[in-house]
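In what follows, a structure is listed as structure tokens, so that the remarks can point back to it.
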Amino acid sequence: MQVVDTVAALEALGDTPGCAVARDLQDPVVEAAVRTWGIPGPRTDEIARRPFAHLTGGRLELVLLLPDHAAQHLTVRIHATAAGVLVMGAPEALEAVRAEATAADGVREAVVGMLLAVARGGEEVLDGFEDESEQFEDRADGYAASAQRRLLGRRRAELFRIQEAQAAMHRLCLPEEQLSQELPKELRHRLRRAAVEFEANGSAAARLHTVLGDLLAEQGAVVNERLTLVATIFLPLTLATGFFGMNFAWMQERTGSAGAFVLLGIVLPTLATVITLVVVRRLTGSR
């Protein structure tokens with residue numbers, strides 16, 4: 001199938017089915033495709049928040065979400081009739097599906113091919129998340145900086161959104177859905193492959209989401225342990241400071257020498273801190 005991105009190229013197709021690509025509604029190719037192929041084009045450029053498929057009277061409207069390395073989803077909006085296909089999206093999204101549309105022999109094959117391309121694109125993005133998660137794990141021994149913990153939290157949120165989108169696109173490809181029932185047998189097989197890939201992507205996203213959650217939990221435990229240690233160290237120091245800061249006449253009369261200062265102000269608090277740490281280690285079973 002020939003892929004076109006100008007009005008002149010679209011008109012040159014004549015009665016041959018083709019695929020027109022456009023970035024947004026302002027692209028003149030959209031109006032030409034709607035007029036030439038009888039496609040009910042989109043009314044707004046509003047970003048779709050979930051994948052969906054609507055098939056009626058031989059006309060298909062399909063919205064897919066392609067995960068991107070820039071922490072967002074790229075929307076791929078497909079409008080098709082028997083005469084041709086109109087695909088709208090960001091340049092990165094159009095590039096991901098262009099090859100499948102070019103290799104297709106017909107409109108339906110092009111639509112299924114673009115579904116497979118989106119599934120493979122999700123797999124590639126999740127491979128990147130996998131590598132990043134392994135790097136997080138390698139650097140997670142001990143205390144991590146707050147910036148790294150915030151990055152872990154953002155990655156978890158992104159993985160959750162990817163998991164939800166992949167699950168929704170998997171449901172679109174199920175045999176009982178209208179999209180599958182409208183396809184011939186050979187294309188149903190390819191659609192099942194897309195369903196399997198979407199399901200695998202969703203499982204991978206869920207697994208990575210759990211891994212990063214465990215890393216965040218470990219970092220939280222390390223932070224709590226450090227804060228507990230600091231509080232334990234200052235507990236006897238605070239007690240000694242509070243006690244010797246009292247204005248008792250007996251204390252004022254007997255603690256005026258340098259020896260008393262060293263004994264009560266340095267040795268005694270240090271000894272109390274050491275004893276406290278030893279007791280805490282024994283109680284917690286630390287070695």
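The values are calculated or read from the model by the stated rules, or taken from the named source; none is laboratory data. Predicted, not measured: the structure shown is a model, and the values here were computed from it. Neighbour counts are summed over all protein chains in view; Cβ atoms, including those assigned to glycine, are modelled from backbone coordinates with ideal geometry. Ligands, DNA and RNA are excluded from the accessible area calculation, which covers all protein heavy atoms including side chains. Shrake-Rupley method; radii C 1.70, N 1.55, O 1.52, S 1.80 Å.
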Have a look at R207, R171 and point out the one that is within 21 Å of R108 (Cα to Cα), surrounded by 12 or more Cβ atoms within 10 Å (Cβ to Cβ) and basic (K, R).
R171
If the requirement is being in contact with a helix residue (DSSP H, G or I) (Cβ under 7 Å, 6 or more places away or on another chain), of a type in the set (S, T, N, Q) and touching a residue at least 40 places away in the same chain (Cβ under 8 Å), which of these qualifies: S180, S133?
S133
Checked F136, F52 against criteria (among the aromatic types (F, W, Y) and at pLDDT 85 or above); the one match is F52
If we scan segment 104-120, do we find a residue that is of a type in the set (A, V, I, L, M, F, W, C) and not in a helix (DSSP H, G or I)?
yes
Out of curiosity, is Q166 out of contact with any Asp or Glu (no Cβ under 8 Å at 6 or more places or on another chain) and polar (S, T, N, Q)?
no
Condition first: free of Cβ contacts under 8 Å to residues at least 40 places away in the same chain, within 34 Å of the chain's Cα centre (by Cα) and open to solvent by 10 Å² or more (accessible area, probe 1.4 Å). Now tell me which residues in segment 1-13 satisfy that.
D5
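Residue by residue, here is whether (1) loosely packed, with under 11 Cβ neighbours inside 10 Å; (2) over 17 Å from V230 (Cα atoms); (3) modelled with pLDDT of 75 or more; (4) touching a Phe, Trp or Tyr at 6+ places or on another chain (Cβ under 9 Å) holds:
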| residue | (1), (2), (3), (4) |
| --- | --- |
| W250 | yes, yes, no, no |
| G256 | yes, yes, no, no |
| A260 | no, yes, no, no |
| T276 | no, no, yes, no |
| R281 | no, no, no, no |
| T284 | yes, no, no, no |
Could we say that F198 is assigned to a helix (DSSP H, G or I) and at pLDDT below 75 here?
no
Report the residue count in segment 218-238 for those that are under 17 Å from V267 (Cα atoms), open to solvent by 60 Å² or more (accessible area, probe 1.4 Å) and either touching a residue at least 12 places away in the same chain (Cβ under 8 Å) or not in a helix (DSSP H, G or I) (or both).
1
With the requirement that a residue be open to solvent by less than 20 Å² (accessible area, probe 1.4 Å) and assigned to a loop (DSSP other than H, G, I, E, B), what does segment 14-41 give you?
I39
For segment 113-120, check the following and say yes or no: at least one residue is at pLDDT 90 or above and more than 30 Å from T210 (Cβ to Cβ).
yes
Failed condition for L152, given (1) among the hydrophobic types (A, V, I, L, M, F, W, C); (2) in contact with a helix residue (DSSP H, G or I) (Cβ under 7 Å, 6 or more places away or on another chain); (3) at pLDDT 90 or above:
(3)
